[in-house]
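The values are calculated or read from the model by the stated rules, or taken from the named source; none is laboratory data. For clarity, every value in this text was computed on a predicted model and none was experimentally measured. Note that each Cβ is placed from the backbone with ideal geometry, even for glycine, and that neighbours are counted across all protein chains shown. Areas reflect the complete protein model, heavy atoms only, side chains present, ligands, DNA and RNA absent. Shrake-Rupley method; radii C 1.70, N 1.55, O 1.52, S 1.80 Å.
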Amino acid sequence: MGNQKLQKVTYLAMMIALDVVLSPLFRIEGMAPMSSVMNVLAGVLLGPMYGTIMALVCGIIRMTLLGIPPLALTGAVFGAFLAGLGYRLYPSVISSMVGEIIGTGIIGSLVSYPVMVWFTGSSNEFYWLMYTPRFIGAACIGSAIAFFIWQKAKTIPAIQKIQSFYQGVSL
């Protein structure tokens, strides 16, 4: 039992490290498509709970070390949860992609408005749909990239083992 928990935390730590390293490298101003790539892959591999933990920890690390505003949290956490939930309900990478687009692109963007008003202390030049186009764009780009990565990754035995490990399936 303890060994399984250690393995789960180890895989989670690897996903966090990948997300933290890749997100700033492949960034478009105002958009983080690699965060969406990692959310979709985490949703498929780790499920909703561990995917959400991954997004939360990555957001905190990016805010702390890279000086990114709270958008790092609001933009990723909802997408990661819905990507994992989508895959759990309908085991397809497409359902994980849809969860990411809804979670990050719509919910995350709408939650970002009040968070940024609170964070900056001003509502000047802010409006409810301010982040929606960029968040939807990043989620769509990242989801498409994740789709192509998953098509190759799902054939790798080590990836299949990780996925079955989190879903309680034995190979």
query = Which one is farthest from residue 43 (Cα to Cα) among residues in region 116-143 that are at pLDDT 80 or above and open to solvent by less than 40 Å² (accessible area, probe 1.4 Å)?
reply = 132
remark   = Matching residues in region 63-81 (more than 12 Å from residue 35 (Cα to Cα) and of a type in the set (Gly, Ala, Ser)) number 1
ask   = In this structure, does residue 52 turn out to be buried (at least 23 other Cβ atoms within 10 Å of the Cβ), of a type in the set (Val, Ile, Thr) and under 20 Å from residue 165 (Cβ atoms)?
value = yes
query = If you scan region 60-86, which residues turn out to be part of a loop (DSSP other than H, G, I, E, B) and either at pLDDT 85 or above or of a type in the set (Gly, Ala, Ser) (or both)?
reply = 67, 75, 76
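Restricting the search to region 87-109, which residues are farther than 19 Å from residue 141 by Cα and part of a helix (DSSP H, G or I)?
88, 89, listed by residue number.
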key: Members of region 17-46 found to be surrounded by fewer than 22 Cβ atoms within 10 Å (Cβ to Cβ), without any contact (Cβ under 8 Å) to a residue 60 or more places away in the chain and closer than 20 Å to residue 144 by Cα, listed by number   = 18, 20, 21, 22, 24, 25, 26, 27, 29
task = Taking the residues in region 152-168 that are touching a helix residue (DSSP H, G or I) at 6+ places or on another chain (Cβ under 8 Å) and open to solvent by less than 80 Å² (accessible area, probe 1.4 Å) as candidates, determine which candidate is modelled with the lowest pLDDT.
result = 167
task = Any chance you could count how many residues in region 110-140 are in a loop (DSSP other than H, G, I, E, B) and of a type in the set (Phe, Trp, Tyr)?
result = 4
